[in-house]
Amino acid sequence: MMRRERLLLISPTFHGYWQSIGDALARRGYEVTTARYDAYDHVTDKLRLKATVEIPEKLGRGEAARAAERRRLTDRVLGLLRQVRPQKVIVIKGDGLDERFWDATADLPRILWLYDDRHRHDYTDEFLRSVGPVLSYAASETAALREIGADAHFVPNAFDPHRAEPTGHRSGEIVFIGSGYANRREILTDLAGRGLPVHAWGRDFSRHLIDRARTLSWARPPITGSREVPLERAYQIHAEAAAAVAIHGLQAGHAMRTFEIPGMGGVQFVDRPDVDQFYDVGTEVAVWQDVEELADLAQRALHDESWAQRLREAGRARTLAEHTFDHRLREVDSLWH
């Protein structure tokens, strides 16, 4: 029996997407070990972070505090690197690690998955040219990386059908899950003002005292709001809704929601016409360009169940056929040097 290759996946904790990526790699035959370099899983970890990093940052000593934290996180990852002795390494973002990690993996086949817009990372052009294959979730970012000489590849975000099953329940709501950026609050408030049953999840919408303290804000938009939910429950909420609204910020690529909503059999109303590179607009997802159009779509979803059901079925079929993490990791696995 062939021995499985050892692969070290290094990732931020961000909503648990590391689990979907690691599971897809395991299904490809790898022996996967994951290092979440920013894992603060226990109360003691969170208290230490606040005391040693967050409070010093507020007191103007943030640079030294962050550098010390990077050293600590890198020490932890280097220890796991020595323990696992991987044959391949995939790094998601990796911007919480210092130069010692990159030096330690210089002789290993490695892939850097930026997972976010390039300007949110502090990597130099020289580093990006030398690190190995670099993956981006946006076609425009991929083109820009190639212009500076990086070995860049476009790998869009994806859906994980193994994380949750649709419940079959219907809430009759127009839902949004995510951060409460100003444009999102304004759009959702407008919809609610038209009498639509809007419900948003996230710390910026929740009226819970803990969330108000975390966001340092008492004000909330005049819509139904709930606390953050695990990714698995977010998947189900999208499917249960009459429709789920995707509102992008100033980002180059499509968010995970683009694939998660139709993947779960949800009715997706997305604000990016370039979604047509992934889905058939009008039969698999619906696109809106202003609040008037979005409100009309919401009314139709609430009252035309046969139309909504066709979107659900077609969007889910397309996602399962083309846009899962298994599809993405097949692409990634072809890029090793």
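The values are calculated or read from the model by the stated rules, or taken from the named source; none is laboratory data. Bear in mind that the values here come from a model prediction, so they are computed numbers and not experimental data. Methodologically, a virtual Cβ is constructed for each residue, glycine included, from the backbone with ideal geometry; neighbour enumeration extends over all protein chains shown. Ligands, DNA and RNA are excluded from the accessible area calculation, which covers all protein heavy atoms including side chains. Shrake-Rupley method; radii C 1.70, N 1.55, O 1.52, S 1.80 Å.
Please specify each residue of the range 132-145 satisfying the condition of being small (G, A, S), in contact with a Leu (Cβ under 8 Å, 6 or more places away or on another chain) and open to solvent by 10 Å² or more (accessible area, probe 1.4 Å).
First, pick out the residues of the range 132-145 that are small (G, A, S): 132, 136, 138-140, 143-144.
Add one more test, that the residue is in contact with a Leu (Cβ under 8 Å, 6 or more places away or on another chain), and what stays is 132, 136.
If the condition is that a residue be small (G, A, S), in contact with a Leu (Cβ under 8 Å, 6 or more places away or on another chain) and open to solvent by 10 Å² or more (accessible area, probe 1.4 Å), then G132 is the only one that fits.
Please go through (1) modelled with pLDDT under 90; (2) open to solvent by less than 50 Å² (accessible area, probe 1.4 Å); (3) under 20 Å from S11 (Cβ atoms); (4) in contact with a Gly (Cβ under 8 Å, 6 or more places away or on another chain) for R70 and return the number of the only condition it doesn't satisfy. Among (1) modelled with pLDDT under 90; (2) open to solvent by less than 50 Å² (accessible area, probe 1.4 Å); (3) under 20 Å from S11 (Cβ atoms); (4) in contact with a Gly (Cβ under 8 Å, 6 or more places away or on another chain), R70 violates only (2). For the structure I just gave you, tell me whether R129 is open to solvent by 60 Å² or more (accessible area, probe 1.4 Å) and without any contact (Cβ under 8 Å) to a residue 60 or more places away in the chain. So R129 passes the test.
Scan the helices (runs of 4 or more DSSP H) fully inside the range 146-257 and keep the ones with 1 or more residues being of a type in the set (F, W, Y) and either open to solvent by less than 40 Å² (accessible area, probe 1.4 Å) or touching a Phe, Trp or Tyr at 6+ places or on another chain (Cβ under 6 Å) (or both).
Details: elements: 182-193, 209-215, 231-240.
By residue number, 231-240.
Checked against (1) under 30 Å from R330 (Cα atoms); (2) within 23 Å of the chain's Cα centre (by Cα), V175 passes all but condition (1).
Scanning the range 102-127 for residues that are touching a strand residue (DSSP E or B) at 6+ places or on another chain (Cβ under 8 Å) and over 23 Å from A255 (Cβ atoms) yields T105, L108, P109, R110.
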